[in-house]
Amino acid sequence: YDIVPFLKCRGIARVDALFITHADADHYNGLLALLESNVSVKKLILPDVKEELRTEKFGEIESTAQGFELPVYYMSMGTVWQEGDTKFQCLHPSVEAKGMDMNEASLVLHVSYGEFSVLLTGDVSGQGEILLAEQLQKQKIHEVTVLKVAHHGSRYSTTENFLDVLSCKVAVISCGEGNQYGHPAPELLSRLESKGVLIYRTDKAGCV
């Protein structure tokens, strides 16, 4: 209900790549509407995860893409894709990672363009967030302009330890108004506010 109208109002008729962070419905249910619109999608990118995490939902996504003759690619830690001055670097998951659930194995992208950068985190949490923090340190990524807060502002993600590794100027939290999970959690908001981060929430501001 949001993606296609936004693209149309901006006069965007082509999407070079559509990234789906993991196979939870709230992270891919805009796919069909986009493919059925007059917006041309060139490629679909999914996280490269172990077989035990390739659920039936992964199969549904791949079948939908196949029905529209949309090529599917898989990304894992270390993959880099550059378009002009824009660099996409996959920081998570590792193909070898074990013992994580689907949220923990979310696709995480660091996108940079000049002095602007954004970290797109999906629903990464728990062990996945610990491994992501290690990778950020290894890649010497200490700050981003915008952090897309993981897991809709869950109290269990974007921990104090994670924020000690990565600072950001702006945090964007995607969550529904009056959602049953109580997202974003007060503890999470407090952690961000203590760092002086400017917070935008979709339940308050609508589309960000």
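The table that follows gives values for the structure above.
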quantity: Test: residue in the stretch 112-126 that is within 28 Å of residue 84 (Cα to Cα), open to solvent by 10 Å² or more (accessible area, probe 1.4 Å), in contact with a Phe, Trp or Tyr (Cβ under 7 Å, 6 or more places away or on another chain) and free of Cβ contacts under 8 Å to residues at least 60 places away in the same chain; calculated: no
quantity: Restricting the stretch 121-154 to residues that are out of contact with any His (no Cβ under 7 Å at 6 or more places or on another chain), assigned to a helix (DSSP H, G or I) and not small (Gly, Ala, Ser), the residue that is nearest to residue 179 (Cα to Cα); calculated: 151
quantity: Pairs with Cβ under 8 Å, 6+ apart, first in the stretch 1-16 and of a type in the set (D, E, K, R), second open to solvent by 70 Å² or more (accessible area, probe 1.4 Å); calculated: 2/207; 14/42; 16/42; 16/83
quantity: Scan of the stretch 91-115 for residues that are closer than 16 Å to residue 125 by Cα and in a strand (DSSP E or B), ordered by number; calculated: 91, 92, 108, 109
quantity: Inter-residue pairs, beta-carbon under 9 Å, first part of a loop (DSSP other than H, G, I, E, B) and in the stretch 155-179, second acidic (Asp, Glu) and crowded, with 19+ Cβ neighbours inside 10 Å, 6+ apart; calculated: 156/129; 157/123; 157/129; 158/129; 159/129
quantity: First in the stretch 42-62 and more than 11 Å from residue 102 (Cα to Cα), second anywhere and aromatic (Phe, Trp, Tyr), Cβ under 6 Å, 6 or more apart; calculated: 43/73; 45/19; 45/73; 46/74; 48/74; 61/28
quantity: Count of the stretch 33-50 residues which are in contact with a Phe, Trp or Tyr (Cβ under 9 Å, 6 or more places away or on another chain), surrounded by fewer than 21 Cβ atoms within 10 Å (Cβ to Cβ) and not β-branched (Val, Ile, Thr); calculated: 5
quantity: Pick from the stretch 12-29, criterion small (Gly, Ala, Ser) and farther than 25 Å from residue 87 by Cβ, ranking: farthest from the chain's Cα centre (by Cα); calculated: 25
quantity: Among (1) at pLDDT below 95; (2) over 26 Å from residue 1 (Cβ atoms) - the single one residue 190 does not satisfy; calculated: (1)
quantity: Lone qualifier among 55, 64 - being at negative phi, in contact with a helix residue (DSSP H, G or I) (Cβ under 7 Å, 6 or more places away or on another chain) and of a type in the set (Val, Ile, Thr); calculated: 64
quantity: Output for the stretch 31-44, where each listed residue is within 17 Å of the chain's Cα centre (by Cα) and either farther than 23 Å from residue 128 by Cβ or modelled with pLDDT of 95 or more (or both); calculated: 43, 44
quantity: Search result, residues across the stretch 1-29 that are open to solvent by less than 50 Å² (accessible area, probe 1.4 Å), farther than 16 Å from residue 74 by Cα and touching a strand residue (DSSP E or B) at 6+ places or on another chain (Cβ under 9 Å); calculated: 7, 15
quantity: The lone exception for residue 67 - which of (1) among the small types (Gly, Ala, Ser); (2) more than 20 Å from residue 106 (Cβ to Cβ); (3) open to solvent by less than 60 Å² (accessible area, probe 1.4 Å) it fails; calculated: (3)
quantity: Wholly enclosed helices (runs of 4 or more DSSP H) of the stretch 1-56 bearing at least 3 residues more than 21 Å from residue 122 (Cβ to Cβ); calculated: 3-9
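The values are calculated or read from the model by the stated rules, or taken from the named source; none is laboratory data. This one's a predicted model, so the numbers in the text were calculated from it and none came from an experiment. Here Cβ is always computed from backbone atoms with ideal geometry, including for glycine, and neighbour counts include all displayed protein chains. When the accessible area is computed, the model is the full protein with side chains, heavy atoms only, and any ligands, DNA or RNA have been set aside. Shrake-Rupley method; radii C 1.70, N 1.55, O 1.52, S 1.80 Å.
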